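I have placed the structure first, in the form of structure tokens, so that the comments after it can refer back to it.
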Amino acid sequence: MKLDGLHHITMITGDAQRNVDFYADLLGLRLVKTTVNFDAPEAYHLYFGDETGSPGSILTWFEFAGAARGRAGDGMIHALQLGVGAPASLEFWAGRLEAAGVRCERDDVIVRFADHDGLGLELVVGGAQNPPLRAVHPEVPAEHALIGPQGARAYGRSPASPAPLLTETLGFDALGEGGYRLAGEHRRFDWAYDDPPVQAGRQGAGTVHHIAWACPDADQPEWQQRVRDAGAMVTDVRDRDYFTSIYFREPRGILFEIATLSPGFAVDEDPDHLGEALKLPRMHEHLRPQLERTLTPLVNPRARRRAMQA
């Protein structure tokens with residue numbers, strides 16, 4: 001029984017439209033689902049990924065409109081690594097980002113920048129073990145398109161100390177100096193701890209809420225028991241419409257999720273029009289009239305381009 005790498009990573013934004021503009025337009029990802037937070041249905045939950053919304057490509061955001069900017073601290077993820085296909089793509093992205101007014105730090109192997117909420121992002125050349133998970137954007141040549149998340153870095157005390165929940169329970173490989181790798185059957189994901197800053201963290205816009213690992217559907221109950229046997233407090237199985245999930249915290253405080261690979265994002269929407277309509281969780285469908293009045297309408301760049309070409 002093995003986890004199959006990353007499923008998704010979920011962040012917080014203070015402005016859903018700016019979030020869509022940054023990730024679905026500037027970075028060229030596809031907005032694959034426009035829905036709401038299960039626990040706070042008055043808030044958007046936006047999913048971005050490759051053309052089909054493949055597990056492993058997904059970045060998601062809860063919008064808490066007007067939320068103050070947060071700050072990553074001890075027990076929080078502070079940087080996400082997004083892959084590109086070749087070193088030449090780093091130059092393309094540095095130029096595209098800087099032309100849009102996004103400040104970058106770059107060298108031969110990495111481009112560092114932050115989104116509109118201050119989330120730390122790094123572009124790196126993806127490993128050959130990860131099949132590319134690309135979206136299509138008219139301004140981004142296919143050879144330069146982002147190919148999916150490759151890794152994440154978190155703050156945690158004593159980063160080089162052993163992490164048996166990762167290695168013995170979840171199947172990560174220890175790389176030394178606080179670094180780990182989750183190698184699934186189809187994809188891998190790099191994970192690392194860094195010494196935390198002195199200043200305490202604060203959840204808010206630009207911070208990571210949780211990270212989810214992917215598992216075959218039939219394995220989830222066994223993963224739940226395995227995590228429980230390791231001494232972690234794990235939730236019941238929760239139906240998220242597009243996958244089912246269990247949640248628990250690893251010892252340094254980061255919220256982990258294990259999510260199933262199916263049924264996927266096309267279960268309630270035409271694959272050619274993913275993300276273009278407001279899709280509500282089944283449990284909140286009765287709130288549609290109210291939510292359609294109160295949620296700020298979003299402009300999907302892909303739908304806008306299609307309308308302009310019609």
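Fully extending the segment from residue 310 to residue 99, taken as 0.36 nm per residue of separation minus the present Cα-Cα distance, adds 73.1 nm. Coupling constants for the range 6-19 follow from the phi torsions by the Karplus curve (6.51 cos²θ - 1.76 cosθ + 1.60, θ = phi - 60°), and in residue order they are 6, 9, 7, 10, 10, 10, 10, 10, x, 8, 5, 5, 5, 4 Hz; glycine and proline get x. Over all distinct Cα-Cα pairs of the chain, the Kirkwood formula returns a hydrodynamic radius of 19.8 Å. Packing order of peptides 230-242, 148-160, highest average first: 148-160, 230-242 (average count of other Cβ atoms within 10 Å over each peptide's residues). Overall form of the range 126-221: oblate. Here a/c, set by the Cα gyration tensor axes a ≥ b ≥ c, is 1.5 or more, and a/b is not larger than b/c. Based on alpha-carbon centroids, what's the gap between the range 206-281 and the range 100-124 in Å, whole number please? Computed from Cα coordinates, the inter-centre distance equals 28 Å. Charges were assigned to the Cβ only: +1 to each Lys and Arg, -1 to each Asp and Glu. The resulting dipole of the chain about its Cα centre is roughly 460 debye.
For the range 169-310, averaging the sequence separation of C-alpha pairs within contact (under 8 Å, six or more residues apart) and dividing by the residue count gives a relative contact order of 15 percent. Taking amide H as placed 1.01 Å from N in the peptide plane, the amide H of residue 184 sits under 5 Å from that of 5, 189, each at least 5 places away or on another chain. The modelled label-to-label distance between residue 161 and residue 303, using points 7 Å beyond Cα along the C-beta direction, is 4.9 nm. The calculated FRET efficiency for residue 142 paired with residue 198, based on their beta-carbon distance and R0 = 51 Å, is about 0.70. The slack between residue 37 and residue 229, meaning 0.36 nm per residue of separation minus the straight C-alpha distance, is 66.1 nm.
Counted by Cβ distance under 11 Å from residue 32, the other residues give a net charge of 0, where Lys and Arg count +1 and Asp and Glu count -1.
Could you tell me how far the Cα centroid of the range 128-191 sits from the Cα centroid of the range 1-75, in Å? Here the two parts' Cα centres lie 17 Å apart.
Under a 5 Å amide H cut-off, with hydrogens placed 1.01 Å from N, residue 201 pairs with 73, 74 among residues at least 5 apart or on other chains. The 3J(HN,Hα) values that the Karplus relation (6.51, -1.76, 1.60; θ = phi - 60°) gives for the range 238-252 are, in residue order, 10, 7, 9, 6, 9, 5, 10, 9, 10, 10, 6, 9, 6, x, 8 Hz. Gly and Pro appear as x.
Amide hydrogen proximity for residue 78: with H placed 1.01 Å from N in the peptide plane, the residues at 5 or more positions away or on another chain lying under 5 Å are 153, 154, 155. When peptides 205-213, 179-187 are sorted by average Cβ neighbour count within 10 Å, with the highest value leading, the order is 205-213, 179-187. In this structure, residue 273 and residue 2 have a Cβ-Cβ separation that, at R0 = 30 Å, corresponds to a calculated FRET efficiency of about 0.30. Here's the picture: a label point sits 7 Å out from the Cα of residue 217 along the beta-carbon direction, and within the range 42-74 the residues with their amide nitrogen under 20 Å of it are 52-58. Backbone geometry of the range 263-269 corresponds, through the Karplus equation with coefficients 6.51, -1.76 and 1.60 at θ = phi - 60°, to 3J(HN,Hα) couplings of x, x, 7, 8, 5, 10, 7 Hz, x marking Gly and Pro. Which percent, to the nearest 5, of DSSP beta bridges fully inside the chain are antiparallel? If I count the DSSP bridges inside the chain, around 65 percent turn out antiparallel. Each stretch of four or more DSSP H residues adds -39500 (n - 2.57); spread over every residue of the chain, this sum gives -4000 deg cm²/dmol at 222 nm. Scoring 98-108, 77-87, 129-139, 45-55 by mean Cβ neighbours within 10 Å over their residues and listing the highest first yields 45-55, 77-87, 129-139, 98-108.
Where a number appears in this text, it was derived from the coordinates with a stated rule and is not lab data. Keep in mind it's a predicted model, so treat the numbers as computed, not measured. Neighbour counts run over all protein chains shown; Cβ positions are idealised from the backbone, glycine included.
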